[in-house]
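Working notes for the structure below.
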Amino acid sequence: MPVQLSRVARFSLLVVALLLAGCAALQDAATPRDAQDLVTPRQVIALLPDAPGVALMRAETEAEGYREVGVTRLAGLGLTMMTYRIPDGTTGDEAIASLEAAVPSSVVGLNHAYRPQQAGAVQGLDYADGLMGWAVGACRAQMAIGMIDTAIDPTTPTLAGVQIETRQFFDGPSADPRHGTDVASILADPARLRDVTLYSANVFGAPGTGDLVTGAEALVRALDWLAAEDVRLVNLALAGPYNKLLDLAVARASARGLILVAAVGNDGPAVDPMYPAGFDDVIAVTAVDAAQRVYRNAVRGPHVDVAAPGVDVRIGEGDSMRFVTGTSIATPFVTARLAADPDVVTAQSAGEVRALLARTSAELGRSGRDPTFGFGLARADGVCGG
């Protein structure tokens with residue numbers, strides 16, 4: 001016997017059906033990977049380990065209607081980067097799947113966007129050196145320091161006497177150098193480190209909008225340059241989504257002995273890990289304030305390694321003095337602490353450096369490593385190598 005539904009029941013079923021149809025339409029309208037934040041939405045990038053792979057990729061892309069945009073040899077990472085315009089009617093997911101299937105030795109991905117992790121200027125206290133226990137006077141830098149960031153202003157008084165090597169990884173004018181200059185000023189502050197050699201990889205061009213952003217492609221090329229220059233300690237005060245091209249470049253850099261230190265990001269405690277801090281081969285840094293409370297917008301998770309001052313930190317002198325906040329600001333404190341430590345010079349991997357930080361950091365939060373503070377507050381007392 002047929003079931004008779006009331007008018008109310010029939011109306012309720014209609015509403016549910018419409019909602020389900022709307023959800024399905026939204027799912028169909030979005031291609032998950034293409035909907036991500038990209039610098040070049042209609043381009044795909046392939047990383048190849050050898051000449052046969054390059055030849056096979058070129059043949060496959062020509063046959064499938066891809067337009068070659070550029071080819072770069074990444075000698076420092078032992079890779080070749082090939083960039084292509086995706087044919088009309090092909091999504092990013094489809095391009096990646098088909099090219100990786102055709103060229104098994106390749107890693108193919110999109111040019112995801114990455115941003116500095118620094119908040120605006122605020123007023124606060126000059127507490128950072130005391131909190132970390134930096135010695136009165138300066139430690140000698142035991143190794144060169146690399147940074148992947150905006151350009152820096154070498155006329156900043158804090159950077160006087162610092163040997164600076166620079167390279168730009170985009171065409172056109174540079175973005176505002178304030179972020180990179182702030183990071184460099186912490187890395188090479190003469191109150192902490194002396195005899196600093198700084199390799200500055202400028203990956204941020206002048207944006208058409210107010211959005212300061214770089215791409216995975218520029219990050220890969222910057223890592224290649226630093227690896228080729230044998231710069232083993234690298235500061236990355238930026239964050240963005242997972243990207244398989246960056247994943248491979250980080251793995252290659254780490255295998256060549258580079259120690260990468262990155263900001264966990266400022267997108268809040270409820271988000272998934274951001275990258276490159278989320279990679280196993282990277283030291284992930286969060287930020288705390290003068291009371292050793294975690295920065296409220298810092299990303300949390302099991303990948304967090306260590307905390308450092310990053311809330312209301314003083315930058316500059318005199319009329320140019322201001323206070324800044326963010327995990328971008330905490331990261332160079334950890335990098336500077338590692339640069340002062342002779343034990344880091346002989347470390348062979350990020351795992352060894354992570355173990356060193358676990359032994360020397362001050363406990364914060366619950367006992368042991370935790371997803372908020374990692375191993376605790378990075379300490380600089382007793383690390384000077386002369």
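Observations on the structure shown:
- Out of 219, 233, 226, sole residue that is farther than 30 Å from residue 92 by Cα and surrounded by 22 or more Cβ atoms within 10 Å (Cβ to Cβ): 233
- Scanning region 279-296 for residues that are under 16 Å from the mean Cα position of the chain (by Cα) and surrounded by fewer than 22 Cβ atoms within 10 Å (Cβ to Cβ) yields 279, 280, 281.
- Selected residue (only one of 332, 371 is under 18 Å from the mean Cα position of the chain (by Cα), of a type outside the set (A, V, I, L, M) and either within 19 Å of residue 262 (Cβ to Cβ) or surrounded by fewer than 17 Cβ atoms within 10 Å (Cβ to Cβ) (or both)): 332
- If you go through region 129-169 and keep only what is hydrophobic (A, V, I, L, M, F, W, C) and in contact (Cβ under 8 Å) with a residue 60 or more places away in the chain, you end up with 131, 132, 134, 135, 139, 141, 143, 144, 145, 147, 148.
- In region 335-355, residue nearest to residue 149 (Cα to Cα) [restricted to those that are crowded, with 17+ Cβ neighbours inside 10 Å and among the aliphatic types (A, V, I, L, M)]: 336
- Positions within region 355-370 being in contact (Cβ under 8 Å) with a residue 12 or more places away in the chain, in a helix (DSSP H, G or I) and of a type outside the set (A, V, I, L, M, F, W, C), in sequence order: 360
Residue by residue, here is whether (1) closer than 14 Å to residue 264 by Cα; (2) modelled with pLDDT of 95 or more holds:
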| position | (1), (2) |
| --- | --- |
| 304 | yes, yes |
| 314 | no, no |
| 321 | no, no |
| 330 | yes, yes |
| 338 | no, yes |
| 352 | no, yes |
| 356 | no, yes |
| 365 | no, no |
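- Taking region 173-266 as the region of interest, the helices (runs of 4 or more DSSP H) fully inside it that hold 3 or more residues being modelled with pLDDT under 95 are 178-187.
- Within region 74-89, residues that are more than 25 Å from residue 231 (Cβ to Cβ) have Cβ atoms under 8 Å from residues that are part of a loop (DSSP other than H, G, I, E, B) in these pairs: 84/66; 85/42; 85/66; 86/42; 86/66; 87/65; 87/66, counting only partners at least 6 apart in sequence or on another chain.
- Across region 298-329, the number of residues qualifying as surrounded by fewer than 18 Cβ atoms within 10 Å (Cβ to Cβ) and under 16 Å from the mean Cα position of the chain (by Cα) comes to 0.
- Qualifying residue in region 115-137 (condition: in a helix (DSSP H, G or I) and touching a helix residue (DSSP H, G or I) at 6+ places or on another chain (Cβ under 7 Å)): yes
- For residue 262: the one exception among (1) in contact with a His (Cβ under 9 Å, 6 or more places away or on another chain); (2) under 21 Å from residue 141 (Cα atoms): (1)
The values are calculated or read from the model by the stated rules, or taken from the named source; none is laboratory data. Everything numeric here is computed off the predicted structure, so don't read it as measured data. Cβ sites come from the backbone with ideal geometry, for glycine too, and all protein chains shown count toward neighbours.
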